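Working notes for the structure below.
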Amino acid sequence: MSSPTGDDATRDIRRNRLPHDGFLHALEHDVEAELELAEDGPDGRPDPRPVDEWLDPDAQRYEIGLQNLLGAVESAEESVREAMPGAGHASRPAASTAGTLGPAQPTAALPHLHGSQVPARDHCLSLVRAVDRPTAAARYGRMFPQLEPLAGDPESLLRAGDPGGICDAGAALDRLAGTAGDDATQAAGWPFFGQLIAHDITADRSPIGGATGPEQLRNARAPKLNLELLYADGPIGSPFLFDVEDPAKFLLGPDGHDVPRNQQGVALIGDPRNDVHLFSLSLHVALLRAHNRIVDRLRTAGVAEADLVDAARVALTWHYQWIVVHDFLPRLVGAELVEQVLAEGGRWFAPEPGHGYIPLEFADAAYRYGHGQIRHSYRFVAEGPAVPLFPDLTGFGPLRADRRLDFAQVFDLPGRPPAQRAKRLDGRLATSLIGLPEQVTGELATDDYRSLAVRDLIRGETTGLPSGEAVARLLGAAPLTADERGHDWPHDTPLWYYVLKEAQHRGDGDRLGPVGGRIVAEVLIGLLRADPASYLSLEPGWRPNLPAAGATYALTDLLTLGDDREES
């Protein structure tokens, strides 16, 4: 058992060592960071008292587990070096393969005998299986801890978010699209990509009601943009995700356009939330197919079979991270703010490497902006009818061939007609989101929680978020006027609703305003900088090397990477 102050020399080594050598190094760094936190006192600083005076028995067992895991990781890493000298540099695209991700010649998958490709590791107790790792401490926090929580009135929040309340847009608005209706500038698919990012970095499974703070919450996701929602615990920890016949690739459904499912139709994927509706599922499948296509390209370039999964994961993850910074964020918050945060760093969110966390102001308010961009109904094929998102496009079952999404309906693909547009941000939610079906919400004690607006408003109240006006004043932004807020709240405005109304009046309904934009830009870029394996940390000057249709790499390039048309 270590002392509360720890070994300073050992800590210096931990802080200075970065994970340049593949997944084991990344895991080693994560455990080191977690162990360092566990060794500190309750206030996050070395504590001179005897450890038993402040560390409870569960926490002591947790630290012992971390120490044991760290030793096992270091031992496994050394074994890999001895078995494969020079292997393990897959956490950055190697120079020898950096230019090989362009057009690849068709290649047949290498033959494998059943079970012959499985590495010689213990599948019963694997270091990369989440079930075998200690449960991490809470990784939520506050971006503006100096601000007081908004005085709450749950009854007024319920009334505001209920059907007919201020957040209910009504289905009629969708019939105005293309005229003087509620069309935004950006394509309809972007808020769904934003949802995928949210699933990648956060999974809060606490109940809707009941006061909760950062110390009580548990994030089931690492606060990193690392596509954990795809890869989960990798081929060893999550073998059901991968193809036994070609283990470097993800397993797909029988027709290649759905995820694999068990005999009851339940999706076998890294994050079951991505099966909630057609759009999130289609994005998930597109990323699986992109990984498989990258494996083909790397295999053609001569990358060793043992290194394919790691190399493809890094290539896909770094392209995804690039898209978040250079395609997604500029559309959402404006290119000027993105460039400012990249150049100057975060003013309000800048965690140290290995110490990323999710601010509640982001998770429970600003990043829920996308709920205001969802339309009531969509076409998912050209010339097809527009159908409600819920319940018509609800997931949680096999994807029928006649429900397959044409991405050109929700993203502007080169050479295709313009896609449907997202809904303008105006503080109201589509009818589909005001009455969520039970398949999405599960059984509820009160029907009020079927309204996503109610859920968002109550969540901000129970986690003690400050008001939108308080955050605006702290940031030096002019608060919204009473006319702009459009509702006479008992006190100030809940932060989530403030972000939506600010986008309407300060972002023309197309992008976030000063408060929402600053929170989202600083958190997403800050999480990348806090992740020692991200491209912004390891190689800030890195540029995408997969084929692009335009001058710069874009999300549409990634979505079409595994498209059937490219394979023909």
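Lys/Arg Cβ at +1, Asp/Glu Cβ at -1, dipole of the range 220-374 taken about the Cα centre: which of H277, L360, T317 is farthest positive-ward?
H277
Set the Förster distance to 41 Å, then compute FRET efficiency between D255 and H355 from the Cβ-Cβ distance, nearest 0.05.
Using R0 = 41 Å, I get an efficiency of 0.40.
What figure, in Å² to the nearest 10, do you get for the accessible area of R331 with a 1.4 Å probe and non-protein molecules left out?
Accessible surface of R331 is approximately 80 Å².
Can you work out ³J(HN,Hα) from phi for every residue in the range 493-501, in order, using Karplus 6.51 cos²θ - 1.76 cosθ + 1.60 and θ = phi - 60°, giving whole Hz and x for Gly and Pro?
Running phi through 6.51 cos²θ - 1.76 cosθ + 1.60 with θ = phi - 60° gives 8, x, 4, 4, 5, 4, 4, 5, 6 Hz.
At 0.36 nm per residue, minus the direct Cα-Cα distance, what do V266 and T300 gain on full extension? Give it in nm, one decimal, please.
Net length gain for the segment: 8.8 nm.
Report the Rg/Rh value for the range 514-559, based on alpha-carbon coordinates and the Kirkwood definition of Rh.
1.07
Which ³J(HN,Hα) values in Hz, rounded to whole numbers, follow from the phi angles of the range 529-535 under the Karplus curve 6.51 cos²θ - 1.76 cosθ + 1.60, where θ = phi - 60° and Gly and Pro get x?
6, 7, 8, x, 9, 6, 5
From zero up to wherever the largest Cα-Cα distance of the range 481-557 sits, split into 10 Å bins and tell me the percent of pairs in each.
Over the range 481-557, the share of Cα pairs per 10 Å bin runs 16, 28, 28, 18, 9, 1 percent.
Name the long-range amide H neighbours of Y378: under 5 Å, sequence gap of 5 or more, or other chain; modelled H, no Pro or chain starts.
V387, L389
Mind listing the long-range amide H neighbours of L251? Cut-off is under 5 Å, sequence gap 5 or more, other chains count too, H placed in the peptide plane at 1.01 Å from N.
F242, D243
Hey, what do the phi angles of the range 506-512 turn into as Karplus ³J(HN,Hα) couplings, whole Hz, using 6.51/-1.76/1.60 and θ = phi - 60°, x for Gly and Pro?
Each residue of the range 506-512 in turn: 10, x, 6, x, 9, 8, 6 Hz.
Along Cα→Cβ, 7 Å out, is where each label goes; now give me the distance between the ones at V387 and E339 in nm to one decimal.
Using points 7 Å along Cα→Cβ, the separation is 4.4 nm.
Which lysines have a Cα lying under 22 Å from the Cα of K224, excluding residues fewer than 8 positions away in the same chain?
List returned: none.
What residues have an amide H closer than 5 Å to that of R261, excluding those fewer than 5 places away on the same chain, when H is modeled at 1.01 Å from N in the peptide plane?
Excluding prolines and chain starts, which carry no amide H, the hits are L268.
Using Cα positions and a limit of under 20 Å, work out the lysines in reach of K501, with same-chain residues fewer than 8 apart set aside.
Once the sequence-local lysines are set aside, what remains near K501 is K423.
Could you grab the relative contact order for the range 183-259? Cα pairs under 8 Å, six or more apart, rounded to a whole percent.
19 percent
Rounded to the nearest 10 Å², what accessible area does E539 have for a 1.4 Å probe in the complete protein model?
50 Å²
Report the Cα centroid-to-centroid distance between the range 484-521 and the range 243-306 in angstrom, as an integer.
Each part reduced to its Cα centre gives a spacing of 38 Å.
The values are calculated or read from the model by the stated rules, or taken from the named source; none is laboratory data. Remember, it's a predicted structure, so these values are computed and weren't measured experimentally. Cβ sites come from the backbone with ideal geometry, for glycine too, and all protein chains shown count toward neighbours. All accessible areas refer to the heavy atoms of the entire protein, side chains included, with ligands and DNA or RNA removed. Shrake-Rupley method; radii C 1.70, N 1.55, O 1.52, S 1.80 Å.
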